[in-house]
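Here the structure is laid out as structure tokens; the discussion comes afterwards.
Derivation of every value follows stated rules applied to the coordinates shown; laboratory data play no part. These figures come from a predicted structure and were not determined experimentally. Note that we place each Cβ from the backbone using ideal geometry, even for glycine, and neighbour counts take in every protein chain shown.
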Amino acid sequence: MKALYPGSFDPLTLGHLDLIERGCSLFGDVIVAVLSNSAKKATFSLERRLEQISLATKHLKKVKIISYDGLTVSCARENNVDLIIRGLRAMSDFEYELQIAHTNRTLDDEFETIFLATEAHHSFLSSSLVKEVARFGGNTEHMVPKEVAKDLKRHFNSSKN
């Protein structure tokens, strides 16, 4: 079975990595699809986000990392996946994620969305929160893979100069 895990991953958190790892053990092949959203100002370039994910998932044999632009269902169709993975951190995520899943079903009812709850110790993590901590010089090593933590430190230290 092949699953698509879409997102902006700006930056990749340990919660994202948890879902990628669990997706591999549950479904086999996982395609991590990084959204190239030109309307949104990303902290890291698309290329760097792809590199960060590649480094963080090098221990996983069945992960493929791609970028996409446009609709998630189009990406799913182009990559012949069986299902779409969406992560849930807290109950507050559910309404938004359910709305996305329903929208995707109206666009193409071939794809099921599977919701995976992140491990409880990662449930507070969001990319926005991680960037806020990094912006003010806080330690993010317990929130993101090591390479991402280094990138965040470099990025926010250089933007202070």
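Okay, here's what the table says:
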| item | result |
| --- | --- |
| Selection within segment 21-30 - surrounded by fewer than 23 Cβ atoms within 10 Å (Cβ to Cβ) and either of a type in the set (Val, Ile, Thr) or in a loop (DSSP other than H, G, I, E, B) (or both) | GLY28 |
| Extreme residue, farthest from GLY28 (Cα to Cα), among residues of segment 58-112 that are touching a helix residue (DSSP H, G or I) at 6+ places or on another chain (Cβ under 6 Å) and of a type in the set (Lys, Arg) | ARG86 |
| Filtered residue count, segment 38-61, keeping only those that are charged (D, E, K, R) and exposed (fewer than 15 other Cβ atoms within 10 Å of the Cβ) | 5 |
| Unmet requirement for ALA3, which otherwise passes all of (1) of a type in the set (Gly, Ala, Ser); (2) out of contact with any Cys (no Cβ under 8 Å at 6 or more places or on another chain); (3) under 21 Å from VAL148 (Cα atoms) | (3) |
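The rows are residues; the columns are (1) surrounded by fewer than 13 Cβ atoms within 10 Å (Cβ to Cβ); (2) closer than 17 Å to ASP10 by Cβ.
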position	(1), (2)
ASN79	no, no
MET91	yes, no
ILE100	no, no
ASP108	no, no
LEU116	no, no
SER128	yes, yes
